[in-house]
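To start, the structure under review is shown below, and the notes come after it.
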Amino acid sequence: MALAVYGAPFQARLGRLLQYREAAFAGFITQCWWGGLKVMILAAFYGSALATQGTASLPLTLAQSITYVWLAQGLLAITPWGGDPDITAAVRDGSILHDRLRPVDTYAYWYARSAAWLLGRALPRLALMLLFAGVGLRAAGLGSWALRAPEGAAAFAAALVSLGLGLAVSTAITNVVNVFTIVTGTDRGASTVLGTFMILLSGNEIPLPLFPDWARTFLELQPFAALLDTPFRIYLGQLRGGAVLRAMALQVFWWSVLVLIGRRLLARAVARLEVNGG
Amino acid sequence: MNAASLYLRCAMASIHGQLQYPGTLLSIGIGNLMATATAFVGLWARFDRFGEIQGFVFSEIVLFYGFVQGAFAVASMTTRGFEVFGTEFLRRGDFDRVLLRPRSTVLQLFGHELRLSKAGRLVQGACAFGAAIALLPRSLTIVDTALLAFAFTGAVALFGGLLVIQATLSFWTIESLEALNALTYGGVEAAQYPLSVYQAALRRILFYAVPLAAVTYHPLLIVLRHPDPLGGPAWLGYVSPLLGWAFFVAAIGLWGVGVRRYTSTGS
């Protein structure tokens, strides 16, 4: 029953978003450019490190860093940048009332729609990126710049599960911003702050393992690592066995905390909700 | 009234308007400062991990960083009219009114808004630049200072030109082309590192097509007294910033072509 109620808006929106092929292609081109820059810069750093201190002590090999960068670029759209535009627009123009009138749990309803929004934008971009960085670059004779295959089938399966958990966390963060929009009327302030931390702490700006060693424990525990860094480290074989399960447990922990926060905030915001006009 | 004083008056009016909401201005400005500071943290983390990049140390790269951030900030503060051209002027038909006024369209769009909230990027770029200059092993000569000022105008002109081209393309597409952000924001990212880290094809693009290296890398090498790892001639940085201005002139020319083919969207 619940699956039908919340699955239908999820499916409808996912199907609609997958139609925007030009937007996906434009996003993909931009991400190729950024990815290319990041990869060349990292390669130059690794080259310099090899000449001076050696690369044995570095936490990731160059090939692993390159794979990490391409995956992060391909999955850029799955990370939370702000509120869901449909929902923030509904808050602004008052049609949030319709959502409140539906005999469904508003939080879960928004959650399903936001999840579809994140996934629907990310899937085509990811597919194009896998084709370009995984297959295209290798075919063009640029194998050393290419995205590498995962560390075995088990790592791949575990990385997929972990990525699913990352999407769950991302949706929960998006929903917190959605609720913030009810209080402040705009998601602009929250988006700016969120985007700043997210880009740095999810592994998008640089792979998290490359940050200084003293920051490692903090970086692995904080919630933004659950978005990209955790699935990527599983994909690269950096996490194995029990460590994979512990990392996933941490993802589930952050997901439940964020859902709890979102639900609490929504309950309070809705209790005071006033819609002007008619 | 001549063009310069008219522009000045528009700019003052715009600043006066923004100062009516000091709280908003301050919070957006701080948000802008924070958002652009993430790039600096990423830069620092890379050097903490790897030590140096192709013979360039952190303080030298900070000079590149502060310089290019500052130039982009000035360009984006002054070109707001072009940035919102597709959405606010073309689609709403407001460009018709601009055409009716007896002044050049370029002047009017530059005068549209002088956006103070983008000063966050300028502030942190200026801090980084100041720190990098202070860390130089010697003080700047008069020639260095003049070269920095000249190159900075070239860099602002280049970024301004890119933003004008982005607006110009909306004569054809009606929508603003986000894809060009790869060249503006991506260009800021690319110009933070020495040109020598990029592959040959990209290096040529960054010098001849979108001459970022001509306005940042080559003049800054002279100021740093750093020999060019690519073996370019020593005098190159003294003249190459002119390419930034040439790019701007070409962008304005393209703008003229766009204006001539403009037909109102009606209503």
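The values are calculated or read from the model by the stated rules, or taken from the named source; none is laboratory data. Given the structure is predicted, the values throughout are model-derived calculations rather than measurements. Methodologically, a virtual Cβ is constructed for each residue, glycine included, from the backbone with ideal geometry; neighbour enumeration extends over all protein chains shown. Accessible surface areas use protein heavy atoms only, side chains included; no ligands, DNA or RNA. Shrake-Rupley method; radii C 1.70, N 1.55, O 1.52, S 1.80 Å.
Between the beta carbons of B:R225 and B:W44, assuming R0 = 22 Å, the FRET efficiency works out to 0.40 to the nearest 0.05.
The residues of the protein assembly as shown have, on average, 45 Å² of accessible surface per residue, using a 1.4 Å probe with all protein chains present. Across the options A:L265, B:L220, B:I30, the greatest Cα extent toward the positive end of the charge dipole of the protein assembly as shown (unit charges at beta carbon of Lys, Arg, Asp, Glu) belongs to A:L265.
The simple spin-label model puts a point 7 Å past each Cα toward its Cβ; for B:T173 and B:M1 those points are separated by 3.5 nm.
Spacing of the modelled spin labels on B:A126 and A:R264, each 7 Å from Cα toward Cβ, amounts to 4.2 nm. In this simple spin-label approximation, B:V239 and B:Q199 carry label points 7 Å from Cα along the Cα→Cβ vector, and these lie 3.1 nm apart.
With a Förster radius of 45 Å applied to the beta-carbon distance between A:A12 and B:Y262, the computed FRET efficiency rounds to 0.70.
Taking chain B as a Gaussian network of alpha-carbon nodes connected by springs under 10 Å, the highest mean-square fluctuation of the residues B:E189, B:E60, B:E113 belongs to B:E189.
Placing +1 on the Cβ of every Lys and Arg and -1 on the Cβ of every Asp and Glu, with no other charges, gives the range B:28-137 a dipole of roughly 380 debye about its Cα centre. Grab the other residues whose beta carbon is less than 12 angstrom from that of B:T105, score K and R as +1, D and E as -1, and report the net. Taking every Cβ under 12 Å from that of B:T105, the sum is +2.
Among the protein heavy atoms, those of B:S27 account for about 70 Å² of accessible surface (1.4 Å probe, every chain in place). Legend: calculated FRET efficiency, A:A215 to A:I29, from the Cβ-Cβ distance at R0 = 35 Å, rounded to 0.05, equals 0.60. Using the Cβ of B:R80 as centre and a radius below 15 Å, the other residues enclosed give a net charge of -1, where K and R count +1 and D and E count -1.
Rounded to the nearest 10 degrees, the angle from helix B:3-18 to the longest Cα principal axis of chain B is 90 degrees.
Can you tell me the relative contact order of chain B? Whole percent, Cα pairs under 8 Å, sequence separation 6 or more.
Taking the mean separation of contacting Cα pairs over the length of chain B, I get 26 percent.
Count Lys and Arg as plus one, Asp and Glu as minus one, and take only other residues whose Cβ is under 13 Å from that of A:A133; the net charge is then +4.
Principal-axis analysis of the Cα atoms of chain A puts helix A:2-17 at an angle of about 60° to the longest axis.
If only the Cβ of Lys and Arg carry +1 and only the Cβ of Asp and Glu carry -1, the dipole of the protein assembly as shown around its Cα centre is close to 580 debye. When the Cα positions of B:L169, A:I29, A:L101 are compared along the charge dipole of the protein assembly as shown, A:L101 comes out farthest toward the positive end, with charges on each C-beta of Lys, Arg, Asp and Glu. Each of A:M40, B:M1 has its accessible area taken with a 1.4 Å probe; listed largest first, they run B:M1, A:M40.
Principal-axis analysis of the Cα atoms of chain A puts helix A:152-184 at an angle of about 40° to the longest axis.
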